[in-house]
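Take a look at the structure below.
Read-outs throughout are calculated quantities, based only on the coordinates presented, and are distinct from any laboratory measurement. What you are looking at is a predicted structure, and each value in this text was computed from that prediction instead of being measured. As a convention, Cβ positions derive from the backbone with ideal geometry for all residues, glycine included, and neighbour counts pool all protein chains shown.
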Amino acid sequence: MFDALATLLVFDLAGLTPGTPLGEALHFFVMDVAKILVLLTLVIYSMGLLRALLKPEKVREFIRNRGNLQSRFMAVGLGAVTPFCSCSSIPLFIGFVEAGIPLGVTLSFLIASPMINEVAVVVLASVIGWKFTVLYVVTGLTVALIGGLVLERFKPERWVEDYVWKIRMGEAAQVEEDTSLRARHDYAVNQVKEIVGRIWKFILVGVGVGAFIHGYVPADFVARIAGDGGLLSVVGAVAVGVPLYSDAVGIIPIAEVLLGKGVPIGTVLAFMMAVTALSLPEMIILKKVVKVPLLALFAAYLATAFVVVGLLFNALKGVL
């Protein structure tokens, strides 16, 4: 359907020639923008109906007083299915700490939340396929789970800003919530407006970059730049991803093209994870609640983990 729409607009109505760089680039752009925006709207609305009662404080209460191992898996799982991006790090971090949730568990949540969500999973699977999507999700969850275990060994509580520990959140007044279908519909519509309104620019930029590479950059050139999947190429992919900032959905079109141009799967995985979970803007946000040693340790762990993931999957590319 989306391919037919792009063909109608670009080749039939606009009169561009198939096979030319401009024609192929615009065809890719129209097709992917339409596909991603439609999927985004449908998935966000559907999840909004189910998530009408899922608030950050309820996530916090759900994890509180659970066993250590159970709370870790819950934190990582909730990070993957909740819509909290890096901009939510400060209130979530404070709320989790105030609730007495171990800092290692909180850090696992903060790793998983921006990197994986159900919207990105559906879009990723529809654009690239389930095989790559499963690899991305499993490795992302593993990195988040191990991250909390590793970081807590350094006793990170000493590097949390003092004001965070001093905050005492009073019990919120119990207000009866409207759980009617109409209320949930309104919530879902607002979620669509808010999330799509927040990330549509990233989608256009991501698809635009992907379209340019798809139409104008030869496959052999991209393959040479990306390297053979060795250490330097994976480190380079992570380094390039750090200064960028995009929602997980916005980076998908670029990953799609890179895979199509022959870039090794591990290199693409490392790049995607660096953009979504190790971006410079997120580090700036986290600096407001943690001190430099913890921030540096957090970033060093993620960078190392992403490089290891990239190298591992590049080594297994023959099996995959």
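Structure above, values below:
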item	result
GLU282, GLU152, GLU157 arranged by Cβ crowding within 10 Å, fewest neighbours leading	GLU157, GLU152, GLU282
For VAL290, distant residues with modelled amide H under 5 Å away	GLU161
Too-long pairs where the Cα-Cα distance tops 21 Å, listed order kept, from LYS131/LYS193; LYS155/LYS291; LYS131/LYS261	LYS131/LYS193
5 angstrom amide H check on ILE128, placed H, neighbours 5+ away	none
Footprinting exposure proxy for GLU256, GLU161 (fewest neighbouring C-beta atoms within 10 Å first)	GLU161, GLU256
Label point distance in nm, VAL292-THR41, each placed 7 Å from Cα along Cα→Cβ	4.9 nm
Burial ordering of TYR136, TYR216, fewest other beta-carbon atoms within 10 Å first	TYR216, TYR136
